[in-house]
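As C-alpha cells, the structure follows; a few thoughts come after it.
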Amino acid sequence: MIDHDPSSERAPLRGDSSGARSGGRTHAWDIECDVLVVGLGAAGGSAAIEARRGGAEVVVIDRFAGGGATGRSAGIIYFGGGTELQLAAGYVDTPQNMFDYLRQEVGDAVPEATLRAFCETSVANFEWLRQLGVPFPVSGKVSKSAYPESDCTLYFSGNELCHPYRDSATPAPRGHRPLGVGLTGHLSAEAMRLGMLEAGALLRPYSRLERLVVASDGAVIGGVVCELKAPRWLVDVMATLVRNAGGISPRLGGVLQATLRAIERSCKRHHVRARRGVILCTGGFVFDRKLMLEHAPAYADCSMRLGTAGDDGSGIAIGQAAGGVLGKMDRCTAWRFIDPPEAWWGGILVGRSGARICNETLYGGKVGEHMIEEHGGKGTLIVDASTMARGRRQVMSGNPPQCINAYLA
Ligand SMILES: Cc1cc2nc3c(=O)[nH]c(=O)nc-3n(C[C@H](O)[C@H](O)[C@H](O)COP(=O)(O)OP(=O)(O)OC[C@H]3O[C@@H](n4cnc5c(N)ncnc54)[C@H](O)[C@@H]3O)c2cc1C
C-alpha cells in the first residue's frame, strides 16, 4: 500500500542539491543540515541528542512546542538487566532474564535481535537518561500497582509476578519512574529537550512537516516544513481541545482537528535540506479515526483515546507516501485497570459469554488486550459483598499500592 500519487498533498517532491522542485520551479533550500528530526518526544529527543553527539548538524522541528505524548505520559520506562535501582532493592536481574520475560510479553511484535539489544543495552540506556538529569533516586520501596506512589521510583509495572510469566523468568521490578508528584513523563521530555539544545541541535517549534523531498534515486534528501504564522496560543488551545474533547468523542475531535488544520494553514513554507537523513518521530495515529478503522478497528471505539493532537498519523502517511512500508499498525494498547483497589483482584472478570477473561492481577494493558482481542471489548467484574466493602475501604484510605507478597504467596 504505497501511495505514490503525485497529486496527494503528502506525496514527496523531487529535488537535488540545488533545491526542491514543485509547480515547474525549483525552490532553493532555505535551511540546510545533516539530519532533520521531525517530532520532539522521547524518540525525536534521543535521536537528536545522539545524532548531534555523533557530530551531525541537527535541526529538530515539532508541530507544536514539543514534548508530545511523552510529556503527558505517566513517565514509566521499562529498564532492567541489573540497574542500580534494582540492585539497591535487592533484586537480581540480568539481560537474559529480562529477555525471557519480555519474549512472552511482546510475542512476534519485536524481532528477536531487537529485543535482545533492548535488554542488553538497558542498564546503559537508564544511565543515559539519568545523565540528562531525569531524577531516578533509589526507591525506598517496591510495589506492584497500576501506578505507584509519588515517592516510589521502582515497581512491578508489568506481569512479572503473574502466572504464567513468572514461570519462565525470575520476577524483577522494571518500571522505573522519575521521582515527582503525579504523572512524571514531563520530566523526561523536558530533560531531552534541554539535552538536545545543550548538545547543539537547533529547535524550530510550531513547524509541521508537510512532505519529504526525494532525489531521483528515491533517497530522502529533505522536507517541506510549514512554520506557523497564526498565533501560537490559538493553536495550543485548539490542540488541547482536540486532545481532551477528542479523547472522549471522536466525532467532536474530528471537527476540532479540522479547525486546527485550518488555523495551521496560516504558515510560512521552508524547504529543508537534510544531507544525511530525515528521522520521522511523529508519534501515533489514535486521533485519526479513519486510520484506526483501517488498521486497528477493534480498538477504534475504546471509550477514551490517549495522546496528543499530533497523533494523527501525519508522519506515518508522509513516510509511506515516499515509499516507506508500514508494519505492526494493528498493535495498539488498551488499558483496563482493575486495581486500585487491590481488593478487586479477588473478583472474577468475565466476558459476555460468561467465560473468565484472564487472571485479574495482570497488568491493565494485558487485561485490555484480552478483553478487546477475545471478548469484543466488554467485560464485567464480579465481586462478592465483602470484597466490594474491602475495596471501598481501601479507596477511602487512599489505597496504597499493595505489597508484592500478595503475588508471591
Ligand atoms: C496519558 C499517557 C500515559 C502514558 N504512560 C506511559 C508510561 O508510563 N510508560 C510508557 O512507556 N508509555 C506511556 N505512554 C505512551 C508513551 O507516552 C508514548 O508511546 C511515547 O511517548 C511516544 O513517544 P514518541 O516520541 O514516539 O511520540 P511523541 O512523544 O508523541 O512525540 C511526537 C511528536 O511529533 C510531533 N509531530 C506530529 N506530527 C508532526 C508533523 N507532521 N510535523 C512535525 N511534528 C509532528 C508531535 O507534536 C509530538 O510532539 C503514555 C501515553 C499517554 C498518552
**Asked** For the peptides 380-388, 39-47, what is the packing order when you average, over each peptide's residues, the other Cβ atoms within 10 Å and list the highest mean first?
**Response** 39-47, 380-388
**Message:** Distances longer than 37 Å among the Cα atoms of the chain: what percent of all pairs is that?
**Reply:** 28 percent
**Request:** Quick one: order Phe156, Phe118, Phe337 by neighbouring beta-carbon count within 10 Å, fewest to most.
**Result:** Phe337, Phe118, Phe156
**Asked** Order of Ser157, Ser168 from fewest to most other C-beta atoms within 10 Å?
**Response** Ser168, Ser157
**Among the listed pairs Lys229/Lys290; Lys268/Lys328; Lys141/Lys328, those beyond 30 Å (Cα-Cα)** = Lys268/Lys328; Lys141/Lys328
**Message:** What distance in nm lies between label points placed 7 Å from Cα along the C-beta direction at Asn244 and Lys141?
**Reply:** 3.2 nm
**Fill in**
In this structure, the FRET efficiency calculated for Ser397 and Leu202 from their beta-carbon separation, with R0 = 51 Å, to the nearest 0.05, is 0.50
**Fill in**
Counting only DSSP beta bridges with both partners in the chain, the antiparallel fraction in percent, to the nearest 5, comes to 60 percent
**Fill in**
region 77-182: Kirkwood hydrodynamic radius (Cα pairs, Å) comes out at 13.9 Å
**Request:** Can you tell me how much longer the chain between Arg14 and Met304 gets when fully stretched, taken as 0.36 nm per residue apart minus their C-alpha distance, in nm with one decimal?
**Result:** 100.4 nm
**Fill in**
The residues Val123, Val38, sorted from fewest to most surrounding Cβ atoms within 10 Å, come out as Val123, Val38
**Message:** For the chain, what does the relative contact order come out to in percent, with C-alpha contacts under 8 Å and a separation of six or more?
**Reply:** 21 percent
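Read the figures in this text as sums done on the coordinates, not as results from a lab. Predicted model, so just to flag it, every value in this text is computed and none were measured. Using ideal geometry, Cβ is built from the backbone for each residue, glycine included, and neighbour counts are taken over all protein chains shown.
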